[in-house]
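This report concerns only the one structure given below.
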Amino acid sequence: MAGTAKGHHTGEEGGAGSSEVVFEPSMDKFPVHIISCILEKLDLESVCTAACVSPTFSSAAAPVFPSLSSLDLSGHYLDEETLKQVVRRVQGANSLTIDCLQLKNDTSIFNILGEHIEDLSLLKCSSLSYHILSAIRERCPNLRSLLIEFAGCEDPQLFKNKLTEMLQKLTLLEVKYSHLSHTSPFFFKLSPVLSIKIRGTYFDVFDIRPLELFLPKSLKKLKLQQTEGHTFVHWLDKIRDIPWFNLQSLSLVLDVISDNLLMTVVYSLPLLVELDLEDRPFMDPTALDLTNIGMQCVQSCKHLITLAIVRSSMNCPTAFTRVDNMGMFLLSEGCGRLESVKLGGFANVTDAGFSSILYSCRKLKKFEVSNSRLLSDLVFHNMRGVARSLIELRLLSCRLLTSEALEDLSSLSKLEVLDTSGCRSIADLCLFVISSVTTLTKLNLAEADITDKGLALLGMGNLGITQLCIRGCKRVTDKGIERLFRAEGKIGKTLSLLDVSRMPGITDAAIFTIASAAKALTDLSLRYCFHVTDAAVKMLVDRPNHKGSLVQKLDLFKCRSLSGDSIMLLMHKSSFHGLRWLGVGGTLLVDKRDNFSTICNVRPWLVVCFDGCEFGCHDGWQFH
């Protein structure tokens with residue numbers, strides 16, 4: 001082709017005698033109905049993005065929105081007006097999931113309720129009242145599944161009254177009730193479900209006993225957080241003889257897990273498939289604590305596939321001191337069908353006890369041990385004898401574990417999630433092994449003793465990691481971040497979430513590398529990175545090829561080298577226009593609330609957190 005020829009084609013012939021045939025490929029040339037068929041197979045966010053490409057795509061997307069049966073806005077923080085407009089365009093959706101952090105009054109929800117809704121999830125209702133329950137009762141008669149997160153600031157009696165009235169009216173609502181009176185880091189939704197979650201209070205706002213009159217006959221799954229153990233035992237004793245009462249899934253957060261509680265549960269609910277127990281004692285339990293006898297009785301659940309028994313130290317530094325290896329041996333003898341096991345706070349169980357679980361449960365897919373002071377490398381000495389089906393392996397705050405524990409990790413051909421956060425003796429040798437596990441997508445090495453050399457090994461591996469946490473890895477410097485991304489691996493193309501918090505060796509240079517090399521990055525946490533300055537934020541704004549617009553969540557908590565002037569970097573409409581959540585607590589930016597108000601007026605979907613919350617305020621929304 002001649003030197004003047006274009007590097008693309010337009011599809012039109014040139015003038016007489018011209019040998020050029022130029023063609024510009026364009027999806028706009030496809031019929032609208034074909035584009036619509038393609039868009040119907042995409043998620044909501046992708047359809048919305050496509051609608052902004054051109055008038056043709058906008059026309060093709062228009063008929064897609066009303067046909068959507070489900071609308072999930074949990075990753076977006078919409079104000080009342082924006083929410084109303086979005087829901088209006090998706091009028092056929094019978095399933096709604098909404099993050100309510102930006103909604104300031106009940107009317108914002110009243111306006112979107114209707115008879116067509118069968119599945120409703122209202123998350124982070126920090127400013128909404130219990131009167132929402134009355135509106136749901138009146139406007140959603142066909143509701144089958146309900147999840148609400150309240151902040152718990154109103155009269156507990158009002159909550160009881162509104163809940164009782166709603167349960168009497170919504171006869172189709174079935175399956176599960178959930179109540180949280182204390183903050184909880186974990187929560188999952190099961191559908192269909194009734195789940196009401198209350199945070200931010202220190203006393204129970206709901207008593208389970210009045211629900212005896214309103215238990216749905218199809219009740220299969222029940223979640224209660226937080227309740228007293230003896231209260232639940234008394235309640236279960238009263239209702240277990242009801243012919244239709246056959247729970248298959250039970251999740252409890254209690255004051256104390258005791259033998260009496262476990263025995264009552266397993267003997268009253270023989271059809272249990274899932275059992276999830278966590279306790280949060282306010283003092284060290286003594287005579288009423290869990291023992292080997294309680295662990296043994298779990299064998300009676302012949303259908304059990306998911307088991308979690310965890311002691312939290314959030315209220316008191318304590319552990320299950322009356323359970324030893326014998327308790328684990330007795331448990332493993334009758335629970336070989338387990339696919340998910342989570343054990344936390346078993347201070348007197350050694351390698352032999354944990355090994356008995358690993359080697360007995362041949363179908364195990366998820367295994368988690370936390371706060372075990374006696375768990376060592378010997379448990380994983382021969383991983384080839386462990387179930388090859390393991391997908392998730394979490395070993396949290398087990399201080400005796402070293403890199404040698406994971407030497408046989410490559411034999412787990414299906415492993416996708418590895419979490420060793422709090423295991424401070426994990427070192428570079430472990431990263432050499434991890435780099436060969438090509439199925440891995442999520443990796444958490446928080447507080448590990450790794451160095452720049454270790455990150456270089458990880459970067460050279462052919463890993464498609466999407467989430468990486470190296471929080472608190474104090475020996476890693478800017479050079480390690482550069483080696484991670486400048487190696488020949490593909491992590492720079494796949495990584496979407498990166499946490500480099502609490503790392504004193506991280507400066508602007510590392511952020512420059514991240515901004516230029518992490519091409520798919522959307523979430524970045526820089527908490528307690530004291531040497532990060534305005535220049536790093538500017539680099540994130542000016543990411544090559546407009547990649548700055550990809551950033552959705554940015555945590556700058558306690559980045560004390562940021563000046564108040566860095567607010568100017570956010571004032572421009574083109575800066576971080578995809579940003580949904582920004583954490584600026586503990587910085588000089590806290591004094592710029594008026595400026596942020598101006599920014600949020602232009603970007604109503606943006607949440608700016610001036611406190612110390614983690615991404616999305618999932619751990620502190622009730623105080624906003």
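The values are calculated or read from the model by the stated rules, or taken from the named source; none is laboratory data. All figures in this text were calculated on a predicted structure; none of them were measured in a lab. Here the Cβ is made from the backbone with ideal geometry for all residues, glycine too, and neighbour counts use every protein chain on show. We work out accessible area using only protein heavy atoms, side chains counted, and drop any ligands, DNA or RNA first. Shrake-Rupley method; radii C 1.70, N 1.55, O 1.52, S 1.80 Å.
Within the span defined as region 230-238, every residue fails to be assigned to a loop (DSSP other than H, G, I, E, B), surrounded by fewer than 21 Cβ atoms within 10 Å (Cβ to Cβ) and at pLDDT below 95. Please tell me if residue 47 is modelled with pLDDT of 80 or more, surrounded by 15 or more Cβ atoms within 10 Å (Cβ to Cβ) and closer than 23 Å to residue 76 by Cβ. The answer is yes for residue 47.
What are the residues in region 489-513 that are over 19 Å from the mean Cα position of the chain (by Cα) and either open to solvent by 30 Å² or more (accessible area, probe 1.4 Å) or farther than 18 Å from residue 557 by Cα (or both), if any? 489, 490, 491, 492, 493, 502, 504, 507, 509, 512, 513 - these are the residues of region 489-513 that are over 19 Å from the mean Cα position of the chain (by Cα) and either open to solvent by 30 Å² or more (accessible area, probe 1.4 Å) or farther than 18 Å from residue 557 by Cα (or both).
Filter region 419-450 for residues that are within 17 Å of residue 375 (Cα to Cα) and in a strand (DSSP E or B); which is most open to solvent (accessible area, probe 1.4 Å)? The residue in question is 425.
Regarding residue 388, is this residue within 23 Å of the chain's Cα centre (by Cα), basic (Lys, Arg) and over 23 Å from residue 490 (Cβ atoms)? The answer is no for residue 388.
The residues of region 541-565 that are modelled with pLDDT of 90 or more and more than 15 Å from residue 603 (Cα to Cα), listed by number, are 554, 555, 556, 557, 558, 559, 560, 561, 562, 563, 564, 565.
Residues of region 243-271 that are open to solvent by less than 50 Å² (accessible area, probe 1.4 Å) and more than 20 Å from residue 290 (Cα to Cα): 245, 247, 249. Taken over region 33-44, the criterion of being touching a Ser or Thr at 6+ places or on another chain (Cβ under 8 Å) and modelled with pLDDT under 80 is satisfied by no residue. Considering every residue within region 349-356, establish whether at least one is of a type in the set (Asp, Glu) and either surrounded by fewer than 18 Cβ atoms within 10 Å (Cβ to Cβ) or in a loop (DSSP other than H, G, I, E, B) (or both). The answer is no; no qualifying residue exists. Test each condition in (1) part of a loop (DSSP other than H, G, I, E, B); (2) without any contact (Cβ under 8 Å) to a residue 24 or more places away in the chain; (3) of a type outside the set (A, V, I, L, M) for residue 573 and report the one that comes out false. Residue 573 satisfies all of (1) part of a loop (DSSP other than H, G, I, E, B); (2) without any contact (Cβ under 8 Å) to a residue 24 or more places away in the chain; (3) of a type outside the set (A, V, I, L, M) except (2).
Considering only region 378-394, I want to know if a residue exists there that is surrounded by 19 or more Cβ atoms within 10 Å (Cβ to Cβ), out of contact with any Gly (no Cβ under 6 Å at 6 or more places or on another chain) and either among the aromatic types (Phe, Trp, Tyr) or touching a residue at least 40 places away in the same chain (Cβ under 8 Å) (or both). Yes, there is a match, as at least one residue in region 378-394 is surrounded by 19 or more Cβ atoms within 10 Å (Cβ to Cβ), out of contact with any Gly (no Cβ under 6 Å at 6 or more places or on another chain) and either among the aromatic types (Phe, Trp, Tyr) or touching a residue at least 40 places away in the same chain (Cβ under 8 Å) (or both).
If the condition is being assigned to a strand (DSSP E or B) and closer than 22 Å to residue 68 by Cβ, then region 106-143 contributes 119, 120, 121, 122, 123.
Scanning region 139-157 for residues that are without any contact (Cβ under 8 Å) to a residue 40 or more places away in the chain and either touching a helix residue (DSSP H, G or I) at 6+ places or on another chain (Cβ under 8 Å) or closer than 20 Å to residue 104 by Cβ (or both) yields 139, 141, 143, 154. Scan region 115-132 for residues that are small (Gly, Ala, Ser) and open to solvent by 10 Å² or more (accessible area, probe 1.4 Å) and jot them down. Passing the criteria: 126, 127, 129. Residue 622 fulfils the conditions (1) part of a helix (DSSP H, G or I); (2) polar (S, T, N, Q); (3) at pLDDT 85 or above; (4) crowded, with 16+ Cβ neighbours inside 10 Å except for a single criterion, (3). Within region 62-84, track down each residue that is under 19 Å from residue 578 (Cβ atoms) and either part of a loop (DSSP other than H, G, I, E, B) or modelled with pLDDT under 85 (or both). Correct list: 74, 75, 76, 77, 78, 79.
What are the residue pairs meeting all of these: first residue in region 590-608, first residue under 13 Å from residue 573 (Cβ atoms), second residue part of a helix (DSSP H, G or I), Cβ atoms under 8 Å, and 6 or more apart or on different chains? Within 8 Å, the pairs are 598/571; 599/570; 599/571; 606/599; 606/600. Within 24 Å of residue 464 (Cβ to Cβ) and hydroxyl-bearing (Ser, Thr, Tyr), is that true of residue 533? So residue 533 does not fit the description; no.
Restricting region 272-294 to residues that are assigned to a loop (DSSP other than H, G, I, E, B), touching a strand residue (DSSP E or B) at 6+ places or on another chain (Cβ under 9 Å) and within 10 Å of residue 258 (Cα to Cα) leaves a set whose member that is most open to solvent (accessible area, probe 1.4 Å) is 285.
Cβ separations smaller than 8 Å between residues 6+ apart or across chains give the following pairs from region 447-458 residues that are within 13 Å of residue 479 (Cα to Cα) and polar (S, T, N, Q) to residues that are part of a helix (DSSP H, G or I) and open to solvent by less than 20 Å² (accessible area, probe 1.4 Å): 451/480. Remark: pairs (first residue in region 463-480, in contact (Cβ under 8 Å) with a residue 40 or more places away in the chain; second residue open to solvent by 30 Å² or more (accessible area, probe 1.4 Å) and among the basic types (Lys, Arg); Cβ separation under 6 Å; 6+ apart in sequence or on different chains) = 471/502. In the list 598, 522, which residue meets the criterion of being in contact with a helix residue (DSSP H, G or I) (Cβ under 6 Å, 6 or more places away or on another chain) and among the polar types (S, T, N, Q)? Just a single option satisfies the conditions, and that option is 522. Taking the criterion of being open to solvent by less than 20 Å² (accessible area, probe 1.4 Å) and either closer than 30 Å to residue 621 by Cα or under 29 Å from the mean Cα position of the chain (by Cα) (or both), the residues of region 52-77 that qualify are 64, 65, 71, 73, 77.
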